[in-house]
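The next block holds one structure in the form of structure tokens; read it before the comments.
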Amino acid sequence: MSEHNAIHVEEHRDDEASKLGMWLFIFTELLLFGGLFLVYSIFRMQYHTAFHESSLELSVTIGAINTIVLLFSSMTVAMSLTAIQKNDQKRALIFIGITLFCAAVFLVNKYFEWGGKIHHGLYPGSELMALLDRGHHLYFSLYFFMTGLHALHIIIGMILLIVCLFKVKSKNLNNKDYVLLENGALYWHLVDLIWIFLFPLMYLLS
Amino acid sequence: MSNSTEKIEYVSYLDHKGKYKGLMAWIMATDHKKIGLLYMYSIMTFFFIGVILGLMMKVELLAPGETIMKAQTYNGVFTLHGILMIFMVVIPGLSATFGNFFLPILIGAKDVSFPKLNRFSWWIFIVGSIMAVASQLLKDGPPDSGWTFYAPYSTTTGTNVIMATAAAFVLGFSSILTGLNFIVTVHQMRAPGMRFFNMPLFPWSLYATAWIQLLATPVIGITLLMLIAERLFNIGFFDPNLGGDPLLFQHLFWIYSHPAVYVMMLPAMGVITEIIPTFCQRQIYGYKAVAISSLAIAGVGFLVWGHHMYTSGMSDEARWFFSLLTFIVAVPSAIKVFNWITTMYKGSIDVKPPFLYALTFIFLFIIGGTTGLLLGAVATNVQVHDTAFVVAHFHYIIFGGMGFAFFAAIHYWLPKMYGRMYNFKIANIALVINFIGFNLLYFPQFIIGIQGMPRRYFDYPAQFQPAQVLSSIGGFILVIGLILMVYNLVKGARSGEIAPENPWNGSTLEWTLPATPSLENFDEEPIIKENPYDYK
């Protein structure tokens, strides 16, 4: 009977299924943001000059730094996965730690960027926003909505990676069972990918 | 059960003792069969709340002018009726109840791929449902935008729209997770020897449905989030005064909500495809055509949303294009109907309640489907848009189609779920009452719809009264039939005769199991047939 249970536990673990599930979940996330990209492109067509003028208000420098930080973090999370596959627990911990640090840097940058706007009275529902013309109004609404939703995804990704961090520490996540970290890394790449689209749409395109 | 020679002692899933006891044993259950039952109990509860609301509208419409409620109350009642019935009853309906219970069994699996995720999706389904009901009771008053939440009215009305949309968002999340679980289950959990093309057709339809749930629901998710943000921060995505576009909301809404119609209908078609071969003792006609048509409906169904918006202001090109696509999506549905009917040809038909419900389904679905073509044609659509004709059409599809398929499924699978049988005679009587009540309730609405009775109005000119009264009488008859049906089913499940393993002489895997399956369904590796419907 106990042997049967052991077989049973083996059967219920299916890493392929977990990864397939994560990929499907990533599809839904892409479609979630896809709806926003659609709305963005429609309004951009309609109010292209206003969108152009508004995008000049954003700091390309901060945006570029954040892009580099996120790309770098995607690399480190992939390196942590390789480390755990090679059973190098210490390196894996370091790389997950660096990834989390990058995520924090991204959020701090975002905080200052948003803070600057809010300091000038530019935030959804503010008096200044009500005075803007339609195109500018929509641009900044979309800016806050899209980057806000993305930041929320960064936080979700961080929580996932923190869970991985503790599991690596307690050796529940090891070179035989690392699908959780694999999925966490997949999710982190998704968060990165969405930013790769957001950055040119919001900051560069003019 | 006499031939249970397996090493593991057989225990019915209903008697299985787990870590938890009493109510907690249900709430914490990860067994797909128990989760299926949990969905069924909650969905039936919401269904009867929705029925009561529908009946209230029918009473209000007995006479012109104010009868039992104020116009604003009426707006709240039809909105809640819509939200309950769409998001909490028909969208999860068949896939979450019978899909959960029978998908793993039909493909020879012990459970779905992610049992805990499955439990989690039921939990958030309940959270979303509580939020939806709460939106009616909070102090700003019930939402009055209709279940469609059309902007800009929904962004400006003072009622609890935020709560209701947040509820729809949460319910959508539950739907996504169920879909995700089913796709992975079909890919990863099929028993050895079970390929895609010897899989029974109910799993096929669930697989197609799951893709729609997965790919369409995020779009409504983001749309509802935008609507909530618009209400909270005065953002103006959809408000023309702030530069937004109300048509954009309609587009985004229907990009989800039209495919959602197929989330309701595809599993219903799948159930009928299981029932008809069993009661005709005949191989399903055109197995591959039925399987592929499920995918075709799912695929083309994504491209037809514009037919809800012919009068909203679209270009002529867009209108005829959406009209063309709408006619194309009718083709795979018709293929299924032809195949069901051809399956009956030269079969040895056994007229039992599940089969009668399946026939009723086909009859009502044909009426609903052909009136759908009238609505898909631009010229007729602009005449009857937003009239009672549309109400009649979608009730024929959703209630006559999905609802009756749900009843067919309960009558078909109840002996496998509870190991007991209901009374056939009462089931047949209830079916006749339901059939008469249903047609009396909705058919007059086609006629007054063509004559110009708008939908969602609580008042009407006196000329419509005879039809409205007829329709209300039909409503009461239908409710009597439903109560009789549920009474018979509950009595059967609790104290009916003990059912044999295979009461209908079915050929799919569930009928090879004991009358109530064990916790892990297959204590021995199931033998997979090359043809799931090998009757002749």
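Please treat every number below as a calculation from the coordinates, not as lab data. Computed from a prediction, not measured in an experiment: that's the story for all the values here. No Cβ is skipped: glycine too gets one built from the backbone with ideal geometry, and neighbour counts run over all protein chains shown.
Overview of results
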{"read-out": "Where Cα atoms sit under 24 Å apart: lysine pairs in the range B:285-419 separated by 8 or more or lying on different chains", "value": "5"}
{"read-out": "Neighbour count of at most 14 Cβ within 10 Å plus DSSP loop: longest GluC sites (Glu not before Pro)-free window in chain B", "value": "B:67-523"}
{"read-out": "Residue order, fewest to most surrounding Cβ atoms within 10 angstrom, among A:Asp15, B:Asp316, B:Asp31", "value": "B:Asp316, A:Asp15, B:Asp31"}
{"read-out": "CD proxy at 222 nm, helix term only [per DSSP H run n ≥ 4: -39500 (n - 2.57); per residue of the protein assembly as shown; nearest 500]", "value": "-23500 deg cm²/dmol"}
{"read-out": "In the range A:2-204, lysine pairs with alpha-carbon atoms under 17 angstrom apart (chain gap of 8 or more, or interchain)", "value": "10"}
{"read-out": "Inter-centroid distance (Cα atoms) of the range B:59-81 relative to the range B:417-470, Å", "value": "18"}
{"read-out": "Which of B:Met85, B:Met28 has the fewest Cβ neighbours within 10 Å, and the rest in rising order", "value": "B:Met28, B:Met85"}
{"read-out": "Under the span-like rule (Cα at least 15 Å along the axis, Kyte-Doolittle mean at least 0.0), DSSP H helices of chain B", "value": "B:32-60, B:71-83, B:115-137, B:161-188, B:201-233, B:246-280, B:287-300, B:316-344, B:353-376, B:404-418, B:424-451, B:465-495"}
{"read-out": "Lys, Arg +1 and Asp, Glu -1 on Cβ, resulting dipole of chain B about Cα centre, debye, nearest 20", "value": "760"}
{"read-out": "Distance in nm between pseudo-label sites at A:Asp133 and B:Leu138 (7 Å out along the Cβ direction from Cα)", "value": "3.7"}
{"read-out": "Farthest toward positive dipole pole in the protein assembly as shown [+1 Lys/Arg, -1 Asp/Glu at C-beta], among A:Ile65, B:Ile49, A:Ala78", "value": "B:Ile49"}
{"read-out": "5 angstrom amide H check on B:Ser518, placed H, neighbours 5+ away", "value": "B:Tyr13"}
{"read-out": "Inter-centroid distance (Cα atoms) of the range B:111-190 relative to the range A:61-107, Å", "value": "35"}
{"read-out": "Given charges at beta-carbon only (K, R positive; D, E negative), |dipole| of the range B:44-131 in Debye", "value": "260"}
{"read-out": "Viscosity 0.890 mPa s, 25 °C: Kirkwood-radius Stokes-Einstein D of the range B:300-364 over Cα pairs, µm²/s", "value": "170"}
{"read-out": "Those trypsin sites (Lys or Arg not before Pro) in the range B:1-110 that DSSP places in a loop and that have at most 11 other beta carbons within 10 Å", "value": "B:Lys7, B:Lys17, B:Lys19, B:Lys21, B:Lys70"}
{"read-out": "Which of B:Ser312, A:Ser18, A:Ser170 has the fewest Cβ neighbours within 10 Å, and the rest in rising order", "value": "A:Ser170, B:Ser312, A:Ser18"}
{"read-out": "Neighbourhood net charge (15 Å Cβ-Cβ; Lys/Arg +1, Asp/Glu -1) for B:Ser323", "value": "-1"}
{"read-out": "Selection from B:Phe327, B:Trp511, B:Pro246 lying farthest towards where the dipole of the range B:31-512 points positive, charges on Cβ", "value": "B:Trp511"}
{"read-out": "For chain A, alpha-carbon Rg relative to the globular expectation (2.2 N^0.38 Å, N residues)", "value": "1.24"}
{"read-out": "Span per principal axis, largest first, for the Cα atoms of chain B (Å)", "value": "73, 48, 45"}
{"read-out": "Kyte-Doolittle mean at least -1.0 and Cα axial length at least 20 Å: DSSP H helices in chain A", "value": "A:15-46, A:60-85, A:89-119, A:134-169, A:179-199"}
{"read-out": "Debye, to nearest 20: dipole size of the protein assembly as shown, +1 on Lys, Arg Cβ, -1 on Asp, Glu Cβ", "value": "920"}
{"read-out": "Among B:Ile212, B:Ala499, B:Thr185 - extreme Cα towards positive end, dipole of the protein assembly as shown, charges at beta-carbon", "value": "B:Ala499"}
{"read-out": "Those aspartates and glutamates that a straight Cα-Cα span of less than 20 Å connects to B:Lys116, excepting residues fewer than 8 apart in one chain", "value": "A:Glu10, A:Glu11, A:Asp14, A:Asp15, A:Glu16, A:Asp177, A:Glu182, B:Asp31, B:Glu520"}
{"read-out": "Semi-axes of the equivalent ellipsoid for the range B:183-269, Cα gyration tensor, largest first, Å", "value": "39, 12, 7"}
{"read-out": "Cut-off under 5 Å, modelled amide H: who pairs with B:Thr387 long-range", "value": "B:Arg455"}
{"read-out": "Residues with amide H under 5 Å from that of B:Tyr535, placed H, sequence gap 5 or more", "value": "B:Gln283"}
{"read-out": "Cα-based equivalent ellipsoid of the protein assembly as shown: semi-axis lengths in Å, sorted from largest, via gyration tensor", "value": "43, 37, 22"}
